[in-house]
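Please treat every number below as a calculation from the coordinates, not as lab data. Worth saying up front: this structure is predicted, and the values here are computed from it rather than measured. With ideal geometry, Cβ positions are generated from the backbone for all residues, glycine too; neighbour counts draw on all protein chains shown.
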Amino acid sequence: MFHKILIANRGEIALRIIRTCKEMGIKTVAVYSSADSESLHVKLADESVCIGPAPSLSSYLNINAIISAAELTDAEAIHPGYGFLSENPRFAEICEKCGITFIGPTAESMRIMGDKISARQAVIKVGVPILPGTKEGVHDVNEAVKVAKEIGFPVIIKATAGGGGRGMKIVHSPAALPNAFMTARTEAQTGFGNPEVYIERYCENPRHVEIQVLADKHGNVIHLGERDCSIQRRHQKVIEEAPSTVTTPELRKAMGEAAVAAAKAVNYNSVGTMEFLVDKNNNFFFMEMNTRVQVEHPVTEMVTGVDIVKEQIRSAYGEKLRYTQDDIKIKGHAIECRINAEDSVKFTPCPGKITDHHTPGGLGVRVDSFVYTNYSVVPHYDSLIAKLIVHADTRDEAIKRMARALDEYIVDGIKTTIPFHKRIMANKDFIEGNIDTSFIERLVLE
Ligand code: MV4
């Protein structure tokens with residue numbers, strides 16, 4: 001096994017990775033920006049290296065500084081976490097050229113899945129269902145109107161280089177198409193450096209259900225069931241749970257098999273997630289693949305007992321998967337609430353000093369965080385300060401456990417989204433499992 005891993009990230013995910021490394025007997029190197037010197041990941045790692053000033057571009061996205069830190073400390077591998085460089089194929093290539101193992105898939109798999117058109121083309125070949133849409137990029141307005149009429153309205157225009165919901169345009173009529181098409185191209189160019197867009201049939205108020213996959217470098221791929229991430233606000237997930245209230249064993253099997261086939265189609269060899277939309281009639285459609293460990297991975301860990309980060313590290317080292325599909329059993333129900341340093345009504349970031357901090361505990365409660373009393377939340381990065389995860393035998397019990405844990409949680413000195421989560425745990429539609437991607441919009445309007 002690796003002797004030493006550098007973690008090219010910060011916050012709760014850096015700690016999450018350090019914890020598994022410790023249990024595996026692997027030494028850890030933290031990297032940090034000058035704004036993060038008091039961060040817990042720096043204190044908990046065996047060694048730490050400052051890689052630059054606060055702005056991400058100068059620190060957590062600074063490839064030269066990170067590679068230098070790995071060379072300086074003799075780290076054999078780099079774990080990129082999520083965000084930052086985690087889905088950057090060029091970074092994966094540079095690591096490998098420097099003789100450092102990138103703990104993630106190959107640059108080639110990342111490139112195919114990073115381009116949404118090539119991702120669609122790759123999965124269609126292996127029979128994975130996708131929404132009707134264009135097979136290639138659409139380059140002019142007349143062509144856009146023609147294909148949209150063939151697909152049937154409403155349609156959605158998406159950036160080929162996009163993902164995660166950014167830069168999408170929903171179009172309800174042919175008259176509205178030219179304007180939306182031109183705006184989408186301009187935004188795609190500005191946001192992703194590539195103006196190319198494609199067009200798909202728009203699926204109204206879907207569920208967002210994603211399948212966790214595990215793959216090794218020997219061609220073995222399994223899945224760990226689904227997570228329901230329908231509770232989102234402006235494409236930011238707020239609550240995730242496993243299993244989904246819409247999945248039957250049959251649907252899980254069909255989606256799981258599709259996810260495994262999609263992973264095999266790109267020779268995938270790490271942990272990853274296939275995102276699907278599920279419509280009102282329980283039809284499912286592949287959307288995109290996330291080629292990294294995700295924020296919400298703990299809910300899957302709680303219901304399967306599999307340490308996803310451990311399997312990711314083992315796979316990167318070249319070990320064979322230790323589980324077969326039959327070994328994976330879904331037990332009970334898990335829910336995760338993302339706790340952000342934000343105003344819980346306006347959702348504006350609220351950095352500042354935490355004057356008092358107490359995390360909930362007890363049976364079935366897990367807190368993945370990096371903050372503590374007297375820690376100052378810095379304004380330079382994502383506002384996620386903690387993930388509160390609960391596990392119980394049933395969904396009802398998990399909701400009650402989450403409400404109890406939220407009541408115990410004390411974060412004084414800054415505003416957090418804890419009050420918002422308390423409202424959701426008491427919401428009738430949420431309790432009844434009546435959720436889709438428009439849930440928060442409806443809740444905020446109430
Ligand atoms: C869609 C869609 C409806 N129809 N595609 C948003 C995230 C990105 N992965 C894909 N997204 C969507 N794609 C078609 N053809 C609706 C969404 C969508 C959505 C998806 C999951 C969770 C929340 C969402 C909120 C708005 C739109």
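Counting pairs of alpha carbon atoms under 8 Å apart in space and at least six apart in sequence, what relative contact order in percent does segment 229-284 give?
Details: 21 pairs, mean separation 12.0, N = 56.
Answer for segment 229-284 is 21 percent.
What is the sum of charges around Thr394, taking Lys and Arg as +1, Asp and Glu as -1, for the other residues whose C-beta is under 13 Å from the C-beta of Thr394? Could you put the intermediate results ahead of the total?
Values: positive: Lys331, Arg395, Lys400, Arg401; negative: Glu241, Asp393, Asp396, Glu397.
Local charge sum for Thr394: 0.
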For segment 114-127, Karplus couplings with θ = phi - 60° (6.51, -1.76, 1.60), whole Hz, Gly/Pro x: x, 8, 5, 6, 5, 5, 4, 4, 5, 7, 4, 4, 9, x
Nonlocal amide H pairs with Arg233, under 5 Å, H built at 1.01 Å: Val238
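In the structure shown, do any of Lys353/Lys415; Lys253/Lys329; Lys125/Lys329 have a Cα-Cα gap over 19 Å, and if so which? All intermediate terms of the calculation are to be shown ahead of the outcome.
On the way: Lys353/Lys415 10 Å; Lys253/Lys329 12 Å; Lys125/Lys329 29 Å.
Beyond 19 Å between Cα atoms: Lys125/Lys329.
Calculate the FRET efficiency for Glu150 and Met1 from the Cβ-Cβ distance with a Förster distance of 51 Å, rounded to the nearest 0.05.
0.45
Report the relative contact order of segment 171-308, percent, no decimals, based on alpha-carbon pairs under 8 angstrom and at least 6 residues apart. The partial results should precede the final answer.
Numbers: 210 pairs, mean separation 31.4, N = 138.
Worked out over segment 171-308, it gives 23 percent.
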For segment 40-115 and segment 276-329, distance of Cα centres in Å: 22
Cα gyration tensor shape of the chain, rounded if a/c is under 1.5, else prolate or oblate by comparing a/b with b/c: rounded
Those lysines that a straight Cα-Cα span of less than 18 Å connects to Lys27, excepting residues fewer than 8 apart in one chain: Lys4, Lys43, Lys310
Met110, Met425, Met1, Met287 arranged by Cβ crowding within 10 Å, fewest neighbours leading: Met1, Met425, Met287, Met110
Filtered GluC sites (Glu not before Pro), segment 1-91: DSSP coil and at most 16 other beta carbons within 10 Å: Glu38
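Classify segment 211-257 as rounded, prolate or oblate, taking a ≥ b ≥ c as the square roots of the eigenvalues of its Cα gyration tensor: rounded when a/c is under 1.5, otherwise prolate if a/b is larger than b/c and oblate if not. All intermediate terms of the calculation are to be shown ahead of the outcome.
Values: a/c = 3.43, a/b = 1.55, b/c = 2.21.
It is oblate, given that a/c is not under 1.5 and a/b is not larger than b/c.
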GluC sites (Glu not before Pro) lying in DSSP loop within segment 190-257, provided at most 15 other Cβ fall within 10 Å: Glu204
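Which whole-number percent gives the relative contact order of the chain, counting Cα pairs below 8 Å spaced six or more residues apart? Working shown, then result.
On the way: 980 pairs, mean separation 62.8, N = 446.
Answer for the chain is 14 percent.
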FRET E, pair Asp429, Asn283, Förster distance 22 Å, beta-carbon r, rounded to 0.05: 0.50
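Tell me, Lys135, Lys27 in order of fewest to most beta-carbon neighbours within 10 Å?
Numbers: Lys135 10, Lys27 18.
Neighbour counts put them in this order, fewest first: Lys135, Lys27.
Contour minus end-to-end for Thr355 and His172, with contour as 0.36 nm per residue of separation and end-to-end as the Cα-Cα distance?
On the way: separation 183, 0.36 × 183 = 65.88 nm, distance 4.96 nm.
Extra length available between Thr355 and His172 comes to 60.9 nm.
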Amide proton proximity set for Phe276, modelled H, under 5 Å, gap of 5+: Val209, Glu210, Ile211, Met287
Per DSSP, loop trypsin sites (Lys or Arg not before Pro) in segment 231-267 with at most 13 further Cβ within 10 Å: Arg234
